[in-house]
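What follows draws every value from the coordinates through simple rules; no lab data is involved. Fair warning: this is a prediction, and the values are worked out from it, not measured in the lab. Don't worry about glycine lacking a Cβ; one is built from the backbone with ideal geometry, like all the others, and counts go over all protein chains shown.
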Amino acid sequence: MRFSSRTKRLIGSAVAVASLGVAVPLAATGTAQADPNSGRVKVSGTVSCERFEDASPDAVTITPKGKTAKADQLPGEDVAESFSLTFTQVPKKGLSANAKVTCVDDDGDKHTFGKSFKITRPPGTTETQAFSLK
């Protein structure tokens, strides 16, 4: 059975919304963990462009205060995509940061939105900080 591009997007949107329901509680509960003796933190999660009609994520850029921005270019095939960026020399008190999402719609127009958050490295055994952008 063949599905139209619009039908594929609708199905993808439903799957993305369902998966975000799982990802958002993780971000809300602060599941950031890192080695307290290491300044290395991986920020990863899901980004969604569902707020814009027929748009897909193109890039996520995270800029920690006083540091160089890092970007993850995304495939842009789905309404929601996964991203992952690694930062080094994150101090024990953490770093304030701004995340910017660039979305591209079917006409090639770009849309952006942002969110402020803190990159942290609390005690734990992994270096991953979950973060959802929606």
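Here is how the numbers come out for the structure above:
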quantity	calculated
Other-chain or far-sequence residues with amide H under 5 Å of Arg121's (modelled H)	Gly94
Distant-in-sequence amide H partners of Thr128 (H built 1.01 Å from N, under 5 Å)	Gln33, Lys42
Theoretical FRET efficiency, 1/(1+(r/R0)^6), r = Cβ-Cβ of Ser38 and Asp107, R0 35 Å, to 0.05	0.20
For region 115-120, 3J(HN,Hα) per residue [Karplus equation, 6.51 cos²θ - 1.76 cosθ + 1.60, θ = phi - 60°, Hz, x = Gly/Pro]	7, 8, 7, 10, 7, 10
Built amide H within the under 5 Å cut-off of Ala59, gap 5+	Leu74, Thr102
Under 19 Å from the Cα of Lys67 - lysines, other chains or at least 8 residues apart	Lys42, Lys92, Lys93, Lys100, Lys115, Lys118
³J(HN,Hα) computed for each position of region 52-64 - Karplus, 6.51 cos²θ - 1.76 cosθ + 1.60, integer Hz, glycine/proline x	10, 5, 6, 10, 10, x, 10, 7, 10, 10, 10, 10, x
Pair Lys70, Lys115: separation of 7 Å Cα→Cβ label points (nm)	1.8 nm
